[in-house]
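The values are calculated or read from the model by the stated rules, or taken from the named source; none is laboratory data. Bear in mind that the values here come from a model prediction, so they are computed numbers and not experimental data. A quick note on method: Cβ atoms are made from the backbone with ideal geometry, for glycine too, and the neighbour counts reach across all protein chains shown. Calculation scope for accessible area: heavy atoms of the full protein, side chains included, ligands and nucleic acids excluded. Shrake-Rupley method; radii C 1.70, N 1.55, O 1.52, S 1.80 Å.
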Amino acid sequence: MDLVRRHAWDVTPKEAIALQRDLAAEIVADRPLTLDAVRLVAGVDVSVKNDRSHAAIVVATYPDFRVVETVTALMPTPFPYVPGLLSFREGPVLEEAFGRLEAEPDVFLFDGMGTAHPRRIGIASHMGLWLQRPTIGVGKTRLCGRNAPLSEEKGAHQPLVDKGETIGAVVRTRTGKHPLFISPGHLADIPTSVALVLACAPKYRLPEPIRLAHKAAGAFS
(Lines give C-alpha, C1' and ligand atoms only; values in the text may rest on other atoms or scores of the structure.)
Protein backbone atom coordinates (compact mmCIF):
# COMPACT_ATOMS: atom_id res chain seq x y z
CA MET A 1 0.00 0.00 0.00
CA ASP A 2 1.07 3.58 -0.52
CA LEU A 3 2.63 5.48 2.38
CA VAL A 4 3.17 9.17 3.04
CA ARG A 5 6.84 9.21 4.04
CA ARG A 6 7.28 12.05 6.50
CA HIS A 7 10.98 11.99 7.40
CA ALA A 8 14.16 9.95 7.42
CA TRP A 9 14.64 7.46 10.26
CA ASP A 10 18.36 8.10 10.70
CA VAL A 11 18.10 10.54 13.61
CA THR A 12 19.50 10.93 17.12
CA PRO A 13 17.25 10.56 20.17
CA LYS A 14 17.25 14.34 20.59
CA GLU A 15 16.22 14.83 16.96
CA ALA A 16 13.56 12.13 17.38
CA ILE A 17 11.96 13.97 20.29
CA ALA A 18 11.92 17.19 18.28
CA LEU A 19 10.25 15.36 15.39
CA GLN A 20 7.63 13.93 17.73
CA ARG A 21 6.77 17.38 19.04
CA ASP A 22 6.35 18.71 15.52
CA LEU A 23 4.30 15.77 14.24
CA ALA A 24 2.05 15.53 17.30
CA ALA A 25 0.27 18.70 16.21
CA GLU A 26 -1.04 16.84 13.15
CA ILE A 27 -2.60 13.92 15.02
CA VAL A 28 -6.41 13.71 14.80
CA ALA A 29 -7.61 11.92 17.93
CA ASP A 30 -11.25 13.03 18.11
CA ARG A 31 -12.75 11.47 14.98
CA PRO A 32 -15.19 8.61 15.73
CA LEU A 33 -14.72 5.42 13.76
CA THR A 34 -17.73 4.25 11.75
CA LEU A 35 -17.73 0.79 13.30
CA ASP A 36 -20.55 -0.57 11.13
CA ALA A 37 -18.39 0.10 8.06
CA VAL A 38 -15.33 -1.81 9.30
CA ARG A 39 -14.65 -4.91 7.21
CA LEU A 40 -10.89 -5.45 7.51
CA VAL A 41 -8.76 -4.91 10.62
CA ALA A 42 -4.97 -5.19 10.64
CA GLY A 43 -2.85 -6.17 13.62
CA VAL A 44 0.68 -4.73 13.74
CA ASP A 45 3.60 -5.98 15.84
CA VAL A 46 7.41 -6.05 15.84
CA SER A 47 9.61 -8.59 17.57
CA VAL A 48 13.29 -7.82 18.28
CA LYS A 49 15.85 -10.56 18.78
CA ASN A 50 19.65 -10.41 18.58
CA ASP A 51 19.50 -6.86 17.21
CA ARG A 52 17.18 -7.89 14.39
CA SER A 53 13.67 -6.53 14.03
CA HIS A 54 10.91 -8.67 12.53
CA ALA A 55 7.67 -6.86 11.67
CA ALA A 56 4.38 -8.57 10.97
CA ILE A 57 1.07 -7.20 9.73
CA VAL A 58 -1.91 -9.54 9.73
CA VAL A 59 -5.10 -8.43 8.00
CA ALA A 60 -8.27 -10.19 9.14
CA THR A 61 -11.93 -9.87 8.33
CA TYR A 62 -14.15 -8.22 10.91
CA PRO A 63 -16.00 -9.41 12.93
CA ASP A 64 -15.03 -13.05 12.29
CA PHE A 65 -11.22 -12.63 12.05
CA ARG A 66 -10.45 -14.75 9.01
CA VAL A 67 -6.90 -14.01 7.89
CA VAL A 68 -6.75 -12.55 4.39
CA GLU A 69 -3.11 -11.43 4.27
CA THR A 70 0.06 -11.65 6.31
CA VAL A 71 3.20 -9.69 5.44
CA THR A 72 6.54 -9.58 7.25
CA ALA A 73 9.83 -7.72 7.01
CA LEU A 74 13.19 -8.31 8.67
CA MET A 75 16.11 -5.92 9.13
CA PRO A 76 18.82 -4.97 11.63
CA THR A 77 17.40 -2.96 14.52
CA PRO A 78 18.41 0.63 13.74
CA PHE A 79 17.73 2.54 16.97
CA PRO A 80 18.43 1.95 20.66
CA TYR A 81 15.69 1.17 23.15
CA VAL A 82 14.58 4.53 24.56
CA PRO A 83 11.24 4.78 26.40
CA GLY A 84 8.87 6.97 24.41
CA LEU A 85 10.81 6.57 21.14
CA LEU A 86 9.58 3.13 20.08
CA SER A 87 8.47 4.34 16.66
CA PHE A 88 12.06 5.17 15.69
CA ARG A 89 13.13 1.66 16.65
CA GLU A 90 10.28 -0.11 14.86
CA GLY A 91 9.26 2.40 12.18
CA PRO A 92 11.83 1.44 9.53
CA VAL A 93 10.94 -2.26 9.48
CA LEU A 94 7.22 -1.39 9.60
CA GLU A 95 7.65 0.89 6.62
CA GLU A 96 9.15 -2.05 4.74
CA ALA A 97 6.27 -4.33 5.74
CA PHE A 98 3.55 -1.79 4.94
CA GLY A 99 5.05 -1.37 1.48
CA ARG A 100 4.40 -5.08 0.84
CA LEU A 101 0.76 -4.95 1.91
CA GLU A 102 -1.83 -5.43 -0.83
CA ALA A 103 -4.99 -5.32 1.29
CA GLU A 104 -6.56 -2.01 2.30
CA PRO A 105 -7.46 -2.34 6.00
CA ASP A 106 -10.09 -0.06 7.44
CA VAL A 107 -8.30 0.16 10.81
CA PHE A 108 -4.84 -0.77 12.10
CA LEU A 109 -4.35 -1.99 15.68
CA PHE A 110 -0.78 -1.49 16.93
CA ASP A 111 0.97 -3.31 19.75
CA GLY A 112 2.04 -0.02 21.30
CA MET A 113 0.70 3.39 22.22
CA GLY A 114 -1.26 6.01 20.37
CA THR A 115 -1.92 9.29 22.19
CA ALA A 116 -1.26 7.60 25.56
CA HIS A 117 2.29 8.88 25.34
CA PRO A 118 4.15 11.72 27.08
CA ARG A 119 4.26 13.70 23.83
CA ARG A 120 0.93 12.26 22.56
CA ILE A 121 2.55 10.45 19.64
CA GLY A 122 3.19 6.79 20.25
CA ILE A 123 3.87 4.38 17.42
CA ALA A 124 0.20 4.05 16.42
CA SER A 125 -0.08 7.83 16.08
CA HIS A 126 3.29 8.24 14.37
CA MET A 127 2.69 5.51 11.80
CA GLY A 128 -0.88 6.70 11.37
CA LEU A 129 0.54 9.82 9.74
CA TRP A 130 2.40 7.60 7.27
CA LEU A 131 -0.61 5.36 6.63
CA GLN A 132 -3.27 8.11 6.59
CA ARG A 133 -5.70 5.47 7.82
CA PRO A 134 -7.38 5.07 11.23
CA THR A 135 -4.98 3.59 13.77
CA ILE A 136 -5.38 2.53 17.42
CA GLY A 137 -2.73 2.00 20.07
CA VAL A 138 -3.08 -1.10 22.25
CA GLY A 139 -0.48 -0.94 25.02
CA LYS A 140 0.13 -3.81 27.41
CA THR A 141 1.82 -1.67 30.08
CA ARG A 142 1.35 1.92 31.21
CA LEU A 143 3.64 4.52 29.66
CA CYS A 144 2.11 7.56 31.35
CA GLY A 145 -1.11 8.75 32.95
CA ARG A 146 -3.30 7.67 35.86
CA ASN A 147 -6.74 6.16 36.22
CA ALA A 148 -9.41 5.45 38.79
CA PRO A 149 -9.71 1.91 40.15
CA LEU A 150 -10.93 -0.58 37.58
CA SER A 151 -13.36 -3.41 38.30
CA GLU A 152 -12.39 -6.96 37.37
CA GLU A 153 -15.13 -7.63 34.82
CA LYS A 154 -14.48 -7.78 31.09
CA GLY A 155 -15.51 -4.51 29.47
CA ALA A 156 -14.70 -2.37 32.50
CA HIS A 157 -12.84 0.79 31.55
CA GLN A 158 -11.68 4.07 33.07
CA PRO A 159 -10.25 7.24 31.49
CA LEU A 160 -6.47 7.44 31.36
CA VAL A 161 -5.51 11.00 32.36
CA ASP A 162 -2.14 12.75 32.14
CA LYS A 163 -1.59 16.35 33.23
CA GLY A 164 -5.33 17.00 33.20
CA GLU A 165 -5.81 15.62 29.68
CA THR A 166 -7.67 12.41 28.87
CA ILE A 167 -5.27 10.54 26.61
CA GLY A 168 -6.92 7.12 26.39
CA ALA A 169 -8.64 4.47 28.46
CA VAL A 170 -7.63 1.59 30.69
CA VAL A 171 -9.70 -1.37 29.52
CA ARG A 172 -10.29 -4.85 30.91
CA THR A 173 -10.56 -7.12 27.88
CA ARG A 174 -10.77 -10.32 29.94
CA THR A 175 -12.20 -10.80 33.41
CA GLY A 176 -9.53 -10.95 36.09
CA LYS A 177 -6.64 -10.28 33.70
CA HIS A 178 -4.39 -7.23 33.47
CA PRO A 179 -6.01 -4.37 31.54
CA LEU A 180 -4.84 -2.86 28.28
CA PHE A 181 -4.08 0.82 27.65
CA ILE A 182 -6.13 1.89 24.64
CA SER A 183 -5.76 5.19 22.83
CA PRO A 184 -6.45 6.63 19.39
CA GLY A 185 -3.50 6.60 17.07
CA HIS A 186 -4.69 8.83 14.24
CA LEU A 187 -8.12 9.44 12.66
CA ALA A 188 -9.93 7.79 15.59
CA ASP A 189 -11.29 8.70 19.02
CA ILE A 190 -11.25 7.12 22.46
CA PRO A 191 -14.83 5.74 22.70
CA THR A 192 -14.84 4.00 19.32
CA SER A 193 -11.26 2.79 19.78
CA VAL A 194 -12.32 1.12 23.04
CA ALA A 195 -15.42 -0.35 21.41
CA LEU A 196 -13.47 -1.82 18.50
CA VAL A 197 -10.74 -3.30 20.69
CA LEU A 198 -13.33 -4.98 22.91
CA ALA A 199 -15.11 -6.35 19.84
CA CYS A 200 -11.78 -7.69 18.58
CA ALA A 201 -11.08 -9.50 21.86
CA PRO A 202 -13.87 -12.09 22.16
CA LYS A 203 -11.69 -14.72 23.84
CA TYR A 204 -8.20 -13.54 24.74
CA ARG A 205 -6.71 -10.53 26.51
CA LEU A 206 -5.13 -9.24 23.29
CA PRO A 207 -7.38 -8.31 20.37
CA GLU A 208 -7.29 -11.09 17.81
CA PRO A 209 -5.52 -9.16 14.99
CA ILE A 210 -2.68 -8.17 17.33
CA ARG A 211 -2.49 -11.69 18.75
CA LEU A 212 -2.07 -13.04 15.21
CA ALA A 213 0.53 -10.39 14.37
CA HIS A 214 2.43 -11.13 17.59
CA LYS A 215 2.63 -14.79 16.66
CA ALA A 216 3.81 -13.99 13.13
CA ALA A 217 6.37 -11.43 14.29
CA GLY A 218 7.84 -13.90 16.77
CA ALA A 219 8.41 -16.53 14.07
CA PHE A 220 12.02 -15.68 13.21
CA SER A 221 13.54 -17.88 10.53
Exactly one condition in (1) surrounded by fewer than 24 Cβ atoms within 10 Å (Cβ to Cβ); (2) not in a loop (DSSP other than H, G, I, E, B) is false for Leu109; which is it?
(1)
Looking only at the stretch 184-191, decide whether some residue is touching a His at 6+ places or on another chain (Cβ under 8 Å) and aliphatic (A, V, I, L, M).
no
Those strands (runs of 3 or more DSSP E) lying entirely in the stretch 26-98 with at least 3 residues under 22 Å from His7 (Cβ atoms) and open to solvent by less than 20 Å² (accessible area, probe 1.4 Å)
52-61
Members of the stretch 165-180 that are out of contact with any helix residue (DSSP H, G or I) (no Cβ under 8 Å at 6 or more places or on another chain), within 20 Å of Pro32 (Cβ to Cβ) and open to solvent by 10 Å² or more (accessible area, probe 1.4 Å)
Glu165
Counting only strands (runs of 3 or more DSSP E) wholly inside the stretch 115-221, the ones holding at least 2 residues that are of a type in the set (Val, Ile, Thr) are 135-139, 165-171
Flag if Ile167 is touching a strand residue (DSSP E or B) at 6+ places or on another chain (Cβ under 7 Å) and at pLDDT 95 or above
yes
Sort out which residues of the stretch 192-209 are open to solvent by less than 20 Å² (accessible area, probe 1.4 Å) and touching a Phe, Trp or Tyr at 6+ places or on another chain (Cβ under 8 Å), and write them in order of number.
Cys200, Pro209
The stretch 133-151 - residue that is more than 15 Å from Asp189 (Cα to Cα) and in contact (Cβ under 8 Å) with a residue 40 or more places away in the chain and, of those, nearest to the chain's Cα centre (by Cα):
Gly139
Name the one entry in Pro202, Pro207 that is at pLDDT 95 or above and in contact with a Cys (Cβ under 6 Å, 6 or more places away or on another chain).
Pro207
